[in-house]
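So the structure is just underneath, and the comments pick up after that.
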Amino acid sequence: MNSTELLDMFRVEMHDRQSPYLWSDTEIYGFIDDAQTWFCRLTDGISDARTPAVTKVNIIPGVDWYDTHLKIRQIRKITRSDTGIPVKLFTAEQADTLGFTFSPTVTGDLKALVFGLEAHTMRTMPVPSTLLGLATVSSGITAINTAVMPIADTTGLAVGMGLTASGVPIGTTILSIILNTSITLSTNVTAEVPSGATLAFGSVIELSVYRFPLNTITDDGDQVLEIDPQHHTALLHWMKSRAYDKQDAETFDRRKSEEFKGRFTEYCARAQQEQQRARRVQGNVAYGGVYISNPAGGNASGGYTDPYNRK
């Protein structure tokens, strides 16, 4: 169901099909946008592991602070794209509990990322060292609009490294290397990179996240909703709550507004339970040869893991 179809369903159920309308198209599309966002706020949100602008971050030697996408609600998992090895993830509170300290002089291989120190940011533990990749490389580029990027020197580059430069799309990684000649990128470069530019190479981490909708529902119509289709009609509850909350003698009805708001929040609670059940790892635990179902799965210890493996 797209936004126009949901608008039409709203008008049918609210008996608002004849002009002049009680609620304009612009108002209803606003209700749809608000309903989809609130669905994500009251549930786990939209799972995403493949949208580059959201899920890929270039890790550069010497840089320990990184911005995350504003639409990320929760980070589930982080892996390095060059090795596939998971990167441990901690909240600021967990880092305090474990006694982590941040120092610009402590460098090394990427061990963990800490989030929650500032909004929409992550900080590496420790500061990535130059061993992660190349800090700078001198470029011989004049203008590039293809996936193959000639550079003056490819020595030290490795497949899977990330590229950071003006005009290079987020999440661009190196797919292949021709020694001292060129590199093939995962995404076309969309702008000129001047000759002699300094390019930074590091690694790319890939995030698995829950997020809010990326696109605002507008009165353009026919927009695809980003939440799963089975939840689309439930958005009508929130839309009706907003509609009856309109400060107008013909539309305002506090009782109905609260009633539909309650229906929506109850639906979201059930939807979140379904999301959580779908993530449970089914398994068995043996006690003295007797196997007991362990539907929750996971780590039985329930404790934090120190990224430095301190004892």
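Okay, here's what the table says:
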read-out: Sequence of L89, L214 once ranked by neighbouring C-beta atoms within 10 Å, starting from the fewest; value: L214, L89
read-out: When the stretch 1-119 is reduced to its Cα atoms, the Kirkwood hydrodynamic radius in Å; value: 18.3 Å
read-out: Net charge of Cβ neighbours under 11 Å - reference T251; Lys, Arg +1; Asp, Glu -1; value: -2
read-out: Within straight-line cross-link reach of K256, aspartates and glutamates at Cα separation under 13 Å, skipping those fewer than 8 residues along the same chain; value: D245
read-out: Neighbourhood net charge (15 Å Cβ-Cβ; Lys/Arg +1, Asp/Glu -1) for I59; value: 0
read-out: Backbone HN-Hα couplings from phi across the stretch 207-212 [Karplus 6.51/-1.76/1.60, Hz, Gly and Pro as x]; value: 9, 10, 9, 10, 9, 8
read-out: Cα-based shape type of the stretch 1-56, given that a ≥ b ≥ c are square roots of the gyration tensor eigenvalues and the cut on a/c is 1.5; value: prolate
read-out: Given K77/K240; K71/K240; K71/K111, the pairs whose alpha carbons are separated by over 28 Å; value: K77/K240
read-out: Ranked Y29, Y210, criterion: other C-beta atoms within 10 Å, fewest first; value: Y210, Y29
read-out: The stretch 153-160 - phi-based ³J(HN,Hα) in whole Hz, Karplus 6.51/-1.76/1.60, Gly and Pro as x; value: 8, 9, 4, x, 6, 9, 4, x
read-out: R41-N180 FRET efficiency (beta carbon distance; Förster radius 41 Å; 0.05 resolution); value: 0.20
read-out: Cα-projected label distance for K246 with V224, points at 7 Å along beta-carbon direction, nm; value: 3.0 nm
read-out: Ranked S19, S208, S166, criterion: other C-beta atoms within 10 Å, fewest first; value: S19, S166, S208
read-out: Amide H contacts of G108 (H built 1.01 Å from N, under 5 Å, at least 5 apart or other chain); value: V127, S129
read-out: Difference of contour (0.36 nm per residue) and Cα-Cα distance, W65 to L22; value: 10.5 nm
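All of the numbers you see were taken from the coordinates with simple rules; none came from a lab. Worth saying up front: this structure is predicted, and the values here are computed from it rather than measured. Note that we place each Cβ from the backbone using ideal geometry, even for glycine, and neighbour counts take in every protein chain shown.
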